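First comes the structure, then the notes that go with it.
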Amino acid sequence: MVQSQIIQILTKLNKYQHFMLALLFFQILKVNDMKKKFPTNSKEQEFDINVATSACSSYSQADCLNTGYCKWDTTCVNQDCYLVTEASACRTQGAFVGALVGTCIPVDVYSLSYDNVCMDSGQTTVPYPFIRLPFDNSGSPTQAVTGYLVQNIMTTLTPSQYVQQLFTVNAQKATSSQLSDILDAYIHLINLLLTQHPYYIEKIVVDSLQNIRDDVTLIGAPKQALLTKVWTIADQWRVRVKTFKSQYTSDYYFLQFASTALFRLQLAVVSGVSTNQETITATWTSYSDNGYLSMIYMKMSQFGIYESQASGGVSISVQKSDGSSLSTPLTIVLSWQWTNSYPGTNTVYLYQYNQVTFALTASGIAVTCVSASKTCTTASFQISSNVAYQFSEVNANSCVGKAQPYCRLISFALDFIKFKSIIFLFYQFTNCQSFLFDRNSLILLKINFKLMNIQIANSPSAEIKKNLLFKILWNGIKINFQNIQLLMNLQL
């Protein structure tokens, strides 16, 4: 019966379609032959459509840490969405939905600029406070590429010959104790950083803050000790940048650096995407000495302050050109503008905050807010030193003093307008495309594949997609020979 059905279908094929069918089976045999010649058990070389569908609770500790979407906390539990590295775990559609469906969704835009592949359900854009900058797996957290140990650089009496070596030490891979040693080494060489490009200071600051943020076990005094060292190095950036350019900005998503000469009378930092963006601007009309104003802006929720009712934080410093304090404190006005929904109905103040404990001051500077234009502006006030500020409602939720890590990752879901998420890199086999070689050209085979309705996240390479298509098609042919009719739809 089956054989007669096949014969009936084959008799309807013309010579060209016979050729294409033969070519298709040749490709299948070629794939199988390659598997025989190069057998492997590597999961990286096998594409499994069923990947990341098992609940984290089903894994042992060893397997838990290798899933890419689970973490070990006495038992195996779901990883924080922003730390997920297995994109398939966030699949929201298709026959094989991800294990984290309902908790995480794919990020709105996949980018080479960051490693995030998932975000919290309810979020509409990748969360800037929890951007994971691309991970560099090269280098060591304990020694330079030359083999010179970080602990030796910390105490060397001839530090000038080790500056470039220190830049090759990988802070992203460091444990908290290793990171402490790296930061000590930078502080030991801190004056020599003034001869280097500001990027090298920014990189160690950014890598360190990301490392600290993502280490959910790091709390209390050890965390504060690391932050103290980070800001010590960041202060050196302020000294370096004023001799580098009269106006300078750099953006690392959750952290931004900006500096300008006082004669420009204004400096602004802008963060976020157009639908959820904020701008903090400092303006002044006069100054007593030539000098510079610098701002280091950071997303505050990564440190436990709820940004739904508050702005990002900005650390402002004013110095004369020689690095000393101005003769007269600078009088400035700070403004905050945003593009998403109005932050709240309560009175907004400009608070100072501690950059190590992130505690807000008990009282703040009153500001005037206009909901129609989505702006808040302070009256003029004086600044003469390095001070960190944040616009915030009186009753803004603060995580200070609460246990980590539960407070450090506050959900933003209630504060974003929910809409149907755009799912990128989902390869649909209901109307998919594959490539086959015909002489020196590529023939596009458009296959209306009705047997299996499968969606695959984390789009694989063209070769893997092609081989996987052949595998599924071959299985489909074996299961239901009537689906050979789909080959009738081949088009150039």
For this session: Would you point out the residue of region 146-172, among those that are more than 26 Å from F244 (Cβ to Cβ) and open to solvent by 70 Å² or more (accessible area, probe 1.4 Å), that is modelled with the lowest pLDDT?
Result: L157
Exercise. Would you call S421 closer than 28 Å to D215 by Cα, buried (at least 16 other Cβ atoms within 10 Å of the Cβ), touching a strand residue (DSSP E or B) at 6+ places or on another chain (Cβ under 6 Å) and modelled with pLDDT under 85?
Worked result: no
For this session: Quick one: which helices (runs of 4 or more DSSP H) lie wholly within region 117-231 and hold at least 3 residues that are aliphatic (A, V, I, L, M) and touching a residue at least 40 places away in the same chain (Cβ under 8 Å)?
Result: 176-188, 198-214
Seminar exercise, completed: When K320 is run through (1) of a type outside the set (S, T, N, Q); (2) surrounded by fewer than 21 Cβ atoms within 10 Å (Cβ to Cβ); (3) modelled with pLDDT under 80; (4) touching an Asp or Glu at 6+ places or on another chain (Cβ under 8 Å), the failure sits at (3)
Exercise. Got at least one residue in region 74-90 being under 14 Å from the mean Cα position of the chain (by Cα), on the phi < 0 side of the Ramachandran plot, surrounded by fewer than 16 Cβ atoms within 10 Å (Cβ to Cβ) and small (G, A, S)?
Worked result: no
For this session: Taking K71 as meeting all but one of (1) within 24 Å of L209 (Cα to Cα); (2) open to solvent by 50 Å² or more (accessible area, probe 1.4 Å), write down the number of the exception.
Result: (2)
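For D207, indicate whether it is open to solvent by 20 Å² or more (accessible area, probe 1.4 Å) and not basic (K, R).
no
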Exercise. Do we find that V97 is of a type in the set (A, V, I, L, M, F, W, C), under 30 Å from I182 (Cα atoms) and surrounded by 14 or more Cβ atoms within 10 Å (Cβ to Cβ) in this structure?
Worked result: no
Exercise. Across region 304-317, which residue is farthest from the chain's Cα centre (by Cα) among those that are modelled with pLDDT under 90 and either open to solvent by 20 Å² or more (accessible area, probe 1.4 Å) or within 21 Å of Y199 (Cα to Cα) (or both)?
Worked result: Q309
Problem set entry | Odd one out for F244 among (1) in a strand (DSSP E or B); (2) open to solvent by 50 Å² or more (accessible area, probe 1.4 Å); (3) aromatic (F, W, Y) | (1)
Problem set entry | Selected residue [under 21 Å from L133 (Cβ atoms) and either polar (S, T, N, Q) or out of contact with any Phe, Trp or Tyr (no Cβ under 6 Å at 6 or more places or on another chain) (or both)] from S259, S246, S301, S325 | S301
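Among the residues of region 128-144, what is the count of those that are within 25 Å of S113 (Cα to Cα), open to solvent by 50 Å² or more (accessible area, probe 1.4 Å) and touching a helix residue (DSSP H, G or I) at 6+ places or on another chain (Cβ under 9 Å)?
Within region 128-144, the first condition is being within 25 Å of S113 (Cα to Cα), and the residues that meet it are 128-141.
This time we only want the ones that are open to solvent by 50 Å² or more (accessible area, probe 1.4 Å), so: 134-138.
Applying the additional criterion that residues be touching a helix residue (DSSP H, G or I) at 6+ places or on another chain (Cβ under 9 Å) yields 136.
Counting residues in region 128-144 that are within 25 Å of S113 (Cα to Cα), open to solvent by 50 Å² or more (accessible area, probe 1.4 Å) and touching a helix residue (DSSP H, G or I) at 6+ places or on another chain (Cβ under 9 Å) gives 1.
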Exercise. Within region 355-376, can you find the residues that are touching a helix residue (DSSP H, G or I) at 6+ places or on another chain (Cβ under 6 Å) and among the aliphatic types (A, V, I, L, M)?
Worked result: V356
Problem set entry | In region 369-389, residue farthest from S327 (Cα to Cα) [restricted to those that are assigned to a strand (DSSP E or B) and modelled with pLDDT under 90] | V370
Seminar exercise, completed: (1) surrounded by fewer than 16 Cβ atoms within 10 Å (Cβ to Cβ); (2) more than 19 Å from Y252 (Cα to Cα); (3) modelled with pLDDT of 90 or more all hold for A221 apart from (3)
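The values are calculated or read from the model by the stated rules, or taken from the named source; none is laboratory data. Computed from a predicted structure; not experimentally measured. Neighbour counts are summed over all protein chains in view; Cβ atoms, including those assigned to glycine, are modelled from backbone coordinates with ideal geometry. In case anyone asks, the SASA skips ligands and DNA or RNA and just uses the protein heavy atoms, side chains included. Shrake-Rupley method; radii C 1.70, N 1.55, O 1.52, S 1.80 Å.
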